[in-house]
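J.: Have a look at this one.
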Amino acid sequence: MTRWFGADPADAFLRATQGAVDLVHNLARRLTDGHADAEDLVQETYLRAWRAWQAGTRPRRVEPWLATVCLNAGRDRARRAARHPEIPVADPDPGRSGADVEATALDRVRAGQVEAALAALPHPQRVAVVLADVCGLTAREVAEATGCPLGTALARIHRGRRAVAALLAEPTSPAASRPTPPAGPATDPGTRR
Amino acid sequence: MRHDPQTLAARFIGGELGRAQRWRFQRHLVDCEDCWTQVRAATAGRAALESLREAAPARTRDRVRAVTELTTTEPHAGAVVIRPRRAAAMLVAAAVVVAAAVVGLSIVRQPSGDPALAEVITGYRNSTAWAPAADPPPAASLDGLRWVGTSATTLDGARVLGHRYARPDGTQVLIVIGGANFPRPPGARPVADGDWVTEVDGVTVFCTLPPVSLVVGSDPAAVAGTARALVRGGG
């Protein structure tokens, strides 16, 4: 953190936060409906973070801080969208083209199934597993970013992962129904084998 | 260690068990079907979710850099310097004035006395202020904005074109290209490669060279993104 002092603020901010662009992008993708909206949310997250940085904020850990800023910005956007709904427009994926269409299509089928399973999770579980597994935060950082106790974060992450695995194992569309806890083991402490 | 397979598995996978606890749990997994089922299911779910990770597109990175560059407060002759301790209060004030979610800080308060610059701002704010023109745009889309129309006017005796681009959310950018020279106004902040940026009454004006083009808009990041896409030759 000491290297931040004395440096040009914009350079210091970018040096400290640019490594987390992928994290914020992955989170924003799951908080919005399309690539364009996700880009806007990433931009808004960095603008808010930059403002806070200029006001003197220096987070202990940049990743959970940016995740929190992104979650808050996403919540605000959702509220605004609820008040002023927009007509959805086609949002082409700008990332791919050309020869790898077939491989891309297969990847997308699989990714689509995982995304559908993810979308079927209750919101707190969805946010927790996105932060942990898609964004790469630790359980402690998830707890910090979402403002919940560590035990709660661990439980949400664990249940979310199990539910995704169970939904992907189902022969029918994973998004067809709301997930139920997988037919699992008894949690009775007396069931030790 | 209390036998709660769900909690134990969650703490084990989450790296929240101490070294000794971890070792004991790993031994326990060999014999305990309940805990093993929990760990296996969660590991499978984690692997599936990790497959969704993707790198942010270059354009997103550009926009992150742009939003920082264009809202940086720097000392200039005649410029309003925003100190970090005052930044929060000034930002709140700016947010109230502009009433938008994404707004750049006012880097330089530029008097809008320059007639050419004032005409450019007018062209941006009023899509019907300039005469419609049939000239082709530089690209059908730039940085996620789509071309919506071209108009023309005369600046300092030279004909200039204004190509308007927009996003579905209403963000608009005007690219002004023409024979007119756009000298760097006093107080404008130099950017790399001879480019400069300034702000006039809440509108950001970004000049790229060559060819001399002004990219004009209320969203600083959209302006910078469009300018970069323009230089690169497409969206």
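The values are calculated or read from the model by the stated rules, or taken from the named source; none is laboratory data. Every value quoted in this text rests on a predicted model; they were computed, and no experiment measured them. As a convention, Cβ positions derive from the backbone with ideal geometry for all residues, glycine included, and neighbour counts pool all protein chains shown.
J.: Among the residues of the stretch A:59-81, is there at least one that is in a loop (DSSP other than H, G, I, E, B), among the small types (G, A, S) and either within 11 Å of chain B (Cβ to nearest Cβ) or surrounded by fewer than 18 Cβ atoms within 10 Å (Cβ to Cβ) (or both)?
T.: Within the stretch A:59-81, the first condition is being in a loop (DSSP other than H, G, I, E, B), and the residues that meet it are A:59-61.
Retained after the next criterion (residues that are among the small types (G, A, S)): none.
No, the conditions are met nowhere in the stretch A:59-81.
J.: If you don't mind, another one. Which of the residues spanning the stretch A:115-156 are within 8 Å of another protein chain (Cβ to nearest Cβ), in contact (Cβ under 8 Å) with a residue 60 or more places away in the chain and in a helix (DSSP H, G or I)?
T.: Selection gives A:A117, A:L118, A:V130, A:V134.
J.: Return only the number of the condition from (1) facing another protein chain (nearest Cβ under 9 Å); (2) out of contact with any helix residue (DSSP H, G or I) (no Cβ under 7 Å at 6 or more places or on another chain); (3) assigned to a helix (DSSP H, G or I) that B:W23 does not satisfy.
T.: Exception for B:W23: condition (1).
J.: Report the residue count in the stretch A:48-58 for those that are at pLDDT below 90 and surrounded by 15 or more Cβ atoms within 10 Å (Cβ to Cβ).
T.: The qualifying residues number 3.
J.: Within the set of pairs 6+ apart or on separate chains, which have a first residue in the stretch B:158-169 that is farther than 16 Å from B:L230 by Cα, a second that is of a type in the set (V, I, T) and in a loop (DSSP other than H, G, I, E, B), and C-beta atoms under 6 Å apart?
T.: B:P168/A:V89
J.: On to the next question. Please enumerate the residues belonging to the stretch A:29-44 that are more than 9 Å from chain B (Cβ to nearest Cβ) and in a helix (DSSP H, G or I).
T.: From the stretch A:29-44, those more than 9 Å from chain B (Cβ to nearest Cβ) are A:31-34, A:41; that's our starting set.
Result: A:L31, A:L41.
J.: Can you list residue pairs whose Cβ atoms sit under 6 Å apart, with the first residue in the stretch A:1-14 being surrounded by fewer than 16 Cβ atoms within 10 Å (Cβ to Cβ) and the second being modelled with pLDDT of 75 or more? Count only pairs 6 or more apart in sequence or on different chains.
T.: Hits for this filter: A:W4/A:A12.
J.: Give just the number: which of (1) among the aliphatic types (A, V, I, L, M); (2) out of contact with any Leu (no Cβ under 7 Å at 6 or more places or on another chain); (3) assigned to a strand (DSSP E or B) does B:V176 not satisfy?
T.: Failed condition: (2).
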